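What follows is a single structure, written as structure tokens, with notes after it.
Every number here is computed from the coordinates shown, using simple stated rules; none is lab data. Since we're looking at a predicted model, the values are computed, not measured. Cβ placement follows ideal geometry from the backbone for every residue including glycine, while neighbour counts extend to all protein chains displayed.
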């Protein structure tokens, strides 16, 4: 009796644990995207060149993240996005964070 119950329970527990680990990793990646967008946006607003801005964002962002920098009249908008989750044939999802910082005046 116990063997049959364990044969059903152990795979279920492993599946739930795997789902929890994927959720924790997605949460960590989202926080890293937010941090990277903030860091890059502040750097761009200070007047750093685009290579420096992208390098700072890439350091703080998860591996494989994409950084988009848009400078406008209202300020600098930086969007950091990354594809996460999914194992093998399982689909993942897109995480992104955007930060907008007003440009500092030079006078």
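Observations on the model:
- Residues 81, 50 arranged by fewest to most Cβ contacts within 10 Å: 50, 81
- Förster radius 41 Å - calculated FRET efficiency between residue 46 and residue 20 (Cβ-Cβ, nearest 0.05): 0.55
- Taken along its three principal axes, the alpha carbon spread of the chain comes to 80, 20, 20 Å, from the longest extent down to the shortest.
- Added length on full extension, which subtracts the Cα-Cα distance from 0.36 nm per residue, residue 31 to residue 59: 8.7 nm
- Among 80, 16, sorting on how many other beta-carbon atoms sit within 10 Å of each Cβ, with the fewest leading, yields 16, 80.
- Exposure proxy for 24, 69: other Cβ atoms within 10 Å of each Cβ, ordered fewest to most, give 24, 69.
- Euclidean distance between Cα centres, the stretch 64-88 to the stretch 1-31, Å: 30
- Projected-area average for the stretch 5-62 over all orientations - Cα convex hull basis, square nanometres: 4.0
- Here the relative contact order of the stretch 1-86, from alpha carbon pairs under 8 Å that lie six or more residues apart, stands at 28 percent.
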